[in-house]
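Participant: Structure provided below as structure tokens; questions to follow.
The values are calculated or read from the model by the stated rules, or taken from the named source; none is laboratory data. The structure presented is a predicted model; accordingly, all values stated were derived computationally and were not measured. Please note: Cβ atoms are built from the backbone with ideal geometry, for glycine as well, and neighbour counts cover all protein chains shown. Note: areas computed on protein heavy atoms with side chains; ligands, DNA, RNA excluded. Shrake-Rupley method; radii C 1.70, N 1.55, O 1.52, S 1.80 Å.
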Amino acid sequence: MDIKRIITATVISALILIGFDYFVPQHSQQTVENQSKTQTSGTPPKQDEHNGPAPTPGASTPPANTADAAPAAAAVRLPIEGPDVTGSLDLRGARFDDLVLTHYRETLAKDSPLVRLLEKADGPQPSFVEIGWQNAPGSSARVPDASTDWTTDDKALSPDHPVTLRWDNGQGLLFSITLTVDRRYLFDIAQKVENKGGQAVSLVPYQRVERDYKPEETGGFIVHEGPLSVMNGRLNEDSYKNMRKGATQPGYQAWAAAGNGGWGGITDKYWLTAIVPDQAAPVAVHYSYVPNSGAGAYRVDFTSQAPLPVGAGATVATSSRIFAGAKEVNLLDQYTDALHIPYFYKAVDFGWFAFLTRPMFHVLHWLFSHLGNFGLALLALTLIIKLILYPLATKSFASMAKMRTLTPRIQSIRERHKDEPMVAQQQIMALYKEEGVNPAGGCLPLLIQAPVAFCLYKVLNITIEMRHAPFYGWIHDLSAADPTNIFTLFGLIPFDVTAISPMLHIGIWPILFGLTIFLMQRQTSVSMDPAQQRMMQFMPIIYVFFMGRLSAGIVIYYTWNNLLTFAQQSLIQRRANAAVPAQGGKKVVRKP
């Protein structure tokens with residue numbers, strides 16, 4: 001292989017790893033625990049396909065001070081008892097502000113607390129979902145707010161037992177909310193207003209997801225965390241930072257769009273809290289940031305674009321849904337198909353190469369379901385990809401081998417025409433044509449393989465199946481960094497060297513990865529001079545330091561991929577150096 005290409009590829013790879021170390025959130029055990037403990041673990045500075053930054057003309061905005069109006073003391077609470085979620089609903093304000101996921105824990109410890117998705121106002125990270133009504137322009141009816149005490153005759157909300165909340169405004173309007181929860185993470189909301197008075201009113205229903213704390217921002221770009229929505233078939237993502245910068249009066253809106261149906265909310269790496277309005281209703285979605293005495297309030301809300309008139313003696317109703325749970329792709333696909341929620345699977349950040357990452361995820365999930373171990377599924381998928389791309393790798397090597405045989409003739413042409421570069425270039429191109437060599441033939445296959453490798457890396461960052469998934473030996477969580485460390489003699493010395501520098505966390509698997517880099521260098525550096533070989537010997541060490549803090553699953557993938565590449569390259573070289581016909585019908589062996 002040409003030495004310049006080797007050095008160039010190595011330098012580019014090092015820069016990529018350095019870039020990942022700078023931009024990508026590091027999967028240390030502490031980071032993973034923080035991600036599990038709270039709704040949010042970071043906010044990458046990412047925006048995707050905005051319909052426009054300006055608020056939608058004519059769209060209503062929900063009341064901005066609903067959360068601040070709520071009293072500190074909690075009222076009566078209605079228990080929520082589901083197989084996958086549990087918690088309670090605050091009957092003061094009809095607010096979902098207490099919800100945990102029964103099958104996910106913060107850490108691997110058996111007594112670790114369950115992952116909390118929604119939290120009360122007096123908690124360290126208040127977050128909730130609110131549903132309600134507001135007056136349309138020209139109407140002044142008394143409507144429920146955060147201080148409204150709803151009543152119910154039901155004892156608990158469960159999949160087998162819907163509940164109905166009621167409130168009388170004392171002016172002839174009877175409000176009711178019927179709540180239903182399925183066996184996973186979806187709540188059905190049916191709101192109704194009955195006008196028993198003698199005066200017509202006009203009301204606007206709204207739903208809101210809110211966080212009253214400043215989410216941790218990690219600065220990564222691989223996984224989107226923050227507000228997102230799908231409106232008019234288009235994905236709209238934003239960051240908490242942009243919400244703060246773009247929020248302006250009136251309404252503190254940072255972004256808005258309008259259309260029929262859709263969905264929107266606030267996402268984390270593994271969790272989602274979202275509103276799904278009536279898919280036939282014209283609605284407007286808003287991203288807002290309301291500053292206050294605390295960290296401020298981050299909001300994603302939906303309001304109806306068409307006020308609902310409620311005449312004397314009339315009744316109006318509206319429906320919506322709330323999703324609060326884990327971003328399990330197969331479940332999101334089921335909701336998409338069964339409930340006709342557009343592109344609900346995009347809550348999982350498959351990225352620009354979704355046409356590759358999404359099928360890759362489903363293949364990985366299928367292998368996981370059959371092999372029973374996520375690490376084995378990852379190794380199997382990597383092997384499958386290598387087999388599929390083997391013809392491209394062979395073509396790339398063959399093209400570079402042809403180029404290598406032409407190197408002396410090319411050097412001779414350049415020396416003869418060193419004062420005539422244009423003539424030299426013309427003769428070199430003529431030589432390529434004569435020998436049937438494409439100068440880009442060795443690079444084009446690599447351009448195809450690179451996106452595939454990146455997509456697999458992306459899948460490993462977004463899939464919840466890798467979270468807390470065990471492998472073999474000392475790896476009990478593939479989404480966390482290798483817990484061993486060479487600087488503590490792999491646990492024999494009771495000292496946390498990462499307190500000095502996080503770069504000093506180097507486990508066994510990153511070291512194995514470095515050894516595979518060394519093997520690959522030995523395979524391709526036969527044509528290097530001694531000075532170049534000494535320089536390249538430092539590259540495995542540099543790689544080890546930058547891989548030390550990545551999740552074990554990703555490091556295992558890279559290590560296995562390098563071993564397969566080494567074996568593949570050895571096979572290709574043996575075939576290229578196989579015996580060729582010679583005089584007398586005998587064969588001679590071409591030495592590498």
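Participant: Could we say that A398 is of a type in the set (A, V, I, L, M), surrounded by fewer than 17 Cβ atoms within 10 Å (Cβ to Cβ) and modelled with pLDDT under 90 here?
Facilitator: For A398, the condition - of a type in the set (A, V, I, L, M), surrounded by fewer than 17 Cβ atoms within 10 Å (Cβ to Cβ) and modelled with pLDDT under 90 - is met.
Participant: Return the pair list, or none, for Cβ contacts closer than 6 Å from residues in the range 149-175 that are surrounded by 13 or more Cβ atoms within 10 Å (Cβ to Cβ) to residues that are in a strand (DSSP E or B) and of a type in the set (G, A, S), at least 6 apart or on different chains.
Facilitator: Going by the 6 Å Cβ cut-off, the qualifying pairs are T164/S176; R166/S176.
Participant: Here's a follow-up. Considering only the range 329-347, I want to know if a residue exists there that is within 24 Å of L478 (Cα to Cα) and among the acidic types (D, E).
Facilitator: no
Participant: Return the residues of the range 377-415 that are touching a residue at least 40 places away in the same chain (Cβ under 8 Å), of a type in the set (A, V, I, L, M) and within 30 Å of V329 (Cα to Cα); say none if nothing qualifies.
Facilitator: Taking the range 377-415 first, the residues touching a residue at least 40 places away in the same chain (Cβ under 8 Å) are 378-379, 381-383, 385-386, 389-390, 392-401, 403-404, 407.
Filter once more, so that each one left must be of a type in the set (A, V, I, L, M): 378-379, 381, 383, 385, 389, 392-393, 398, 400-401, 403.
Passing the criteria: L378, L379, L381, L383, I385, L389.
Participant: Another question, then. Can we say A257 is touching a strand residue (DSSP E or B) at 6+ places or on another chain (Cβ under 8 Å) and open to solvent by less than 10 Å² (accessible area, probe 1.4 Å)?
Facilitator: So A257 fits the description; yes.
Participant: Which condition number does A141 fail, the rest of (1) exposed (fewer than 15 other Cβ atoms within 10 Å of the Cβ); (2) more than 18 Å from D98 (Cα to Cα) being met?
Facilitator: Unmet for A141, out of (1) exposed (fewer than 15 other Cβ atoms within 10 Å of the Cβ); (2) more than 18 Å from D98 (Cα to Cα): (1).
Participant: Here are some residues: K214, K192. Which one is of a type outside the set (V, I, T), open to solvent by 60 Å² or more (accessible area, probe 1.4 Å) and farther than 23 Å from L78 by Cα?
Facilitator: After ruling out the rest, the residue left standing is K214.
Participant: Now for a separate question. From the set of residues in the range 359-375 that are on the phi < 0 side of the Ramachandran plot and without any contact (Cβ under 8 Å) to a residue 60 or more places away in the chain, which is most open to solvent (accessible area, probe 1.4 Å)?
Facilitator: W366
Participant: Sticking with this one: Going by the conditions given, is Y206 open to solvent by 30 Å² or more (accessible area, probe 1.4 Å), aromatic (F, W, Y) and touching a Ser or Thr at 6+ places or on another chain (Cβ under 7 Å)?
Facilitator: Taking the combined requirement at face value, the residue does not satisfy it.
Participant: Just give me the residues in the range 476-497 being under 28 Å from L356 (Cα atoms) and either among the hydrophobic types (A, V, I, L, M, F, W, C) or not in a loop (DSSP other than H, G, I, E, B) (or both), in sequence order.
Facilitator: Listed by number, the residues that qualify are L478, A480, A481.
Participant: With respect to Q427, is the statement that it is at pLDDT 85 or above, in a helix (DSSP H, G or I) and among the polar types (S, T, N, Q) true?
Facilitator: Answer is yes for this residue.
Participant: Can you pull out every residue in the range 331-356 that is out of contact with any Phe, Trp or Tyr (no Cβ under 7 Å at 6 or more places or on another chain), free of Cβ contacts under 8 Å to residues at least 40 places away in the same chain, under 19 Å from S320 (Cα atoms) and not polar (S, T, N, Q)?
Facilitator: D337, A338, Y345 - these are the residues of the range 331-356 that are out of contact with any Phe, Trp or Tyr (no Cβ under 7 Å at 6 or more places or on another chain), free of Cβ contacts under 8 Å to residues at least 40 places away in the same chain, under 19 Å from S320 (Cα atoms) and not polar (S, T, N, Q).
Participant: Within the range 321-337, count every residue that is part of a strand (DSSP E or B) and open to solvent by less than 10 Å² (accessible area, probe 1.4 Å).
Facilitator: 5
Condition check ((1) out of contact with any Ser or Thr (no Cβ under 6 Å at 6 or more places or on another chain); (2) open to solvent by 30 Å² or more (accessible area, probe 1.4 Å)) across all residues:
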| position | (1), (2) |
| --- | --- |
| F221 | yes, yes |
| L228 | no, no |
| R234 | yes, yes |
| N242 | yes, yes |
| D268 | no, no |
| T273 | yes, no |
| A284 | no, no |
| S288 | yes, no |
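Participant: Can you tell me which residue among A247, A281, A257, A274 is among the hydrophobic types (A, V, I, L, M, F, W, C) and under 23 Å from L118 (Cα atoms)? Steps first, please.
Facilitator: Values: A247 fails: under 23 Å from L118 (Cα atoms); A281 fails: under 23 Å from L118 (Cα atoms); A257 fails: under 23 Å from L118 (Cα atoms).
The unique qualifying residue is A274.
Participant: When you check V283 against the structure, is it free of Cβ contacts under 8 Å to residues at least 40 places away in the same chain, assigned to a strand (DSSP E or B) and in contact with a Pro (Cβ under 7 Å, 6 or more places away or on another chain), yes or no?
Facilitator: yes
Participant: To continue, here is another question. Among the numbered criteria (1) open to solvent by 10 Å² or more (accessible area, probe 1.4 Å); (2) under 30 Å from P470 (Cβ atoms), which single criterion is violated by D90?
Facilitator: (2) is the only condition that D90 fails.
Participant: Only one of these conditions is not met by I541: (1) buried (at least 18 other Cβ atoms within 10 Å of the Cβ); (2) at pLDDT 70 or above. Which number is it?
Facilitator: All conditions pass for I541, except number (1).
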